[in-house]
Amino acid sequence: MSSDASAFTWRRIRDSLDAYSPQSLASRLREALAPLRTGSIHTSRLKQAQNVVKDLLQAELGPWYVESGLPLGNEMLGGYCWCHSFFNQNPPHRTWDVDENIQLMLDALERIRSFLYALDGVYQASRRQLEAAADDKALRAKALAEGLVRTVDLTAETTSCEETWYQIAQDAMTWCIEAMGLPLSEATLEQLDTAFVFTSWIAPPPEALREAAARVAEGAV
């Protein structure tokens with residue numbers, strides 16, 4: 001990830017969270033899925049409708065959806081799978097009802113948005129700690145390190161460390177540094193890529209996580 005590509009991503013994501021209107025989206029989804037209210041629903045019709053919905057979400061939702069790397073159906077966060085959730089729930093919960101399927105999508109989107117709001121809470125608290133440290137480099141590094149640790153802990157808890165969950169954690173740490181008003185230099189981004197050792201299904205050992213966060217923070221502040 002280059003510094004140009006990552007610059008101000010979190011600002012765009014955060015600024016778009018409050019603009020989301022589930023009621024408005026539900027209305028658009030009802031229009032898009034209206035053809036499924038009549039006739040038999042075959043696989044070909046479902047695939048076509050699925051593509052329409054994906055395009056609609058990309059067009060209607062803001063950076064919190066488009067730029068976060070957390071689209072509906074990402075399987076690490078939100079609890080929604082296009083293969084098993086979109087008009088294809090496992091019995092006995094399977095339903096062909098359009099409105100019920102729309103609600104499943106809205107619920108999953110809200111779980112994604114709630115995670116991003118939770119991250120914002122971590123970032124704001126860490127920024128206050130950083131600002132309180134003033135020009136004390138050691139305290140500033142400590143504030144950032146603690147923010148990175150809390151970011152990873154929150155991500156691990158929310159994703160249950162599903163396969164490749166750490167991809168979300170890596171993005172979230174990048175956003176953390178940006179949200180704290182610190183520069184995202186190439187050196188800092190490289191450290192983020194190399195200092196942390198993550199594994200699917202397992203949260204990093206606390207001591208190793210703290211040590212990695214401290215190394216990154218020392219160079220970033």
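For this structure, a couple of remarks:
- Selection count, the range 95-126, where residues are over 20 Å from the mean Cα position of the chain (by Cα) and either more than 17 Å from ARG37 (Cβ to Cβ) or of a type in the set (Val, Ile, Thr) (or both): 3
- Criterion (open to solvent by less than 70 Å² (accessible area, probe 1.4 Å) and either acidic (Asp, Glu) or in contact with a strand residue (DSSP E or B) (Cβ under 7 Å, 6 or more places away or on another chain) (or both)) met by exactly one of ASP120, ASP55: ASP120
- Helices (runs of 4 or more DSSP H) enclosed by the range 144-221 - at least 2 residues per element that are under 16 Å from LEU130 (Cα atoms): 166-179, 206-220
- When GLU178 is tested against (1) at pLDDT 95 or above; (2) within 15 Å of the chain's Cα centre (by Cα); (3) open to solvent by 10 Å² or more (accessible area, probe 1.4 Å), only condition (2) is not met.
- Just so you know, in the range 75-90 the residues that are in contact (Cβ under 8 Å) with a residue 24 or more places away in the chain and open to solvent by 20 Å² or more (accessible area, probe 1.4 Å) include one that is farthest from ILE102 (Cα to Cα), and it is MET76.
- Which listed residue is at pLDDT 95 or above, assigned to a loop (DSSP other than H, G, I, E, B), hydrophobic (A, V, I, L, M, F, W, C) and out of contact with any His (no Cβ under 8 Å at 6 or more places or on another chain), from LEU72, LEU56, LEU29, LEU25: LEU72
- For the range 97-114, the criterion of being part of a loop (DSSP other than H, G, I, E, B) and either touching a His at 6+ places or on another chain (Cβ under 9 Å) or under 19 Å from ARG11 (Cα atoms) (or both) is met by none of the residues.
- Some residue of the range 126-143 being open to solvent by less than 70 Å² (accessible area, probe 1.4 Å), within 18 Å of TRP175 (Cα to Cα) and without any contact (Cβ under 8 Å) to a residue 24 or more places away in the chain: yes
The values are calculated or read from the model by the stated rules, or taken from the named source; none is laboratory data. Not measured: the values here are computed from a predicted model. Don't worry about glycine lacking a Cβ; one is built from the backbone with ideal geometry, like all the others, and counts go over all protein chains shown. These accessible areas exclude ligands, DNA and RNA; they are computed on the full protein's heavy atoms, side chains included. Shrake-Rupley method; radii C 1.70, N 1.55, O 1.52, S 1.80 Å.
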